[in-house]
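*Asks:* Please read through the structure below; I'll follow up with questions.
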Amino acid sequence: MSNPVEDVLSHYGKKGMKWGVRKASSGGSSSQRTTFTKAPKKLSDIELGKRIKRMETEKKYNQLNRKDVSEGKKLVADILTSSGSRVAKTVLTGAGLLAVRAALTSKFGEGVGEAATRRLK
């Protein structure tokens with residue numbers, strides 16, 4: 001009733017293949033343009049016409065499928081960007097002043113560190 005178990009190691013891949021690494025999928029994204037490897041000078045008129053038609057079709061497709069951003073979303077994005085940069089500037093300036101004060105205080109004493117940071121403000 002018992003079957004002897006064979007110790008077999010099988011490999012189902014290609015030589016030099018890495019674990020967990022896959023080839024890029026053949027299905028491209030709609031936002032990427034088609035790239036061609038053969039130079040246009042080496043193409044016949046028919047092949048060049050096919051390329052041009054393909055690129056024009058992709059361009060039209062991307063124009064039709066792009067997501068239009070409303071004026072309100074643009075305004076909010078601009079406000080967040082500008083206010084975010086102001087906040088970051090303020091925080092970094094404060095952190096820099098504290099670092100300078102700490103360095104001067106440790107080197108020269110409390111009075112010098114405070115006086116220097118008052119002048120920097």
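*Asks:* Out of 103, 77, 91, whose Cα points farthest toward the positive end of the dipole of region 69-121 (charges: +1 Lys, Arg; -1 Asp, Glu; placed on Cβ)?
*Replies:* 103
*Asks:* Hey, another quick one. So what does log10 I(q)/I(0) come out to for region 69-121 at q = 0.14 Å⁻¹, using the Debye formula with one equal point on every Cα and no solvent?
*Replies:* The Debye formula, applied to the Cα set alone, gives -0.51.
*Asks:* Here's another thing I want to ask about it. Exposure proxy check: 7, 45 ranked by fewest other beta carbons within 10 Å?
*Replies:* Ascending number of Cβ neighbours within 10 Å: 7, 45.
*Asks:* With θ taken as phi - 60° and the coefficients 6.51, -1.76 and 1.60, list the Karplus ³J(HN,Hα) couplings across region 63-71 in order, rounded to whole Hz; mark glycine and proline as x.
*Replies:* 5, 6, 9, 5, 8, 6, 9, 5, 4
*Asks:* Which of the lysines could a cross-linker span from residue 73 if the Cα-Cα distance has to be under 30 Å and same-chain partners fewer than 8 positions apart are dropped?
*Replies:* Filter leaves 59, 60, 89.
Each reported figure results from applying straightforward, stated rules to the coordinates on display, with no laboratory input. The model shown is predicted, which means the values in this text are computed figures rather than measured ones. As a convention, Cβ positions derive from the backbone with ideal geometry for all residues, glycine included, and neighbour counts pool all protein chains shown.
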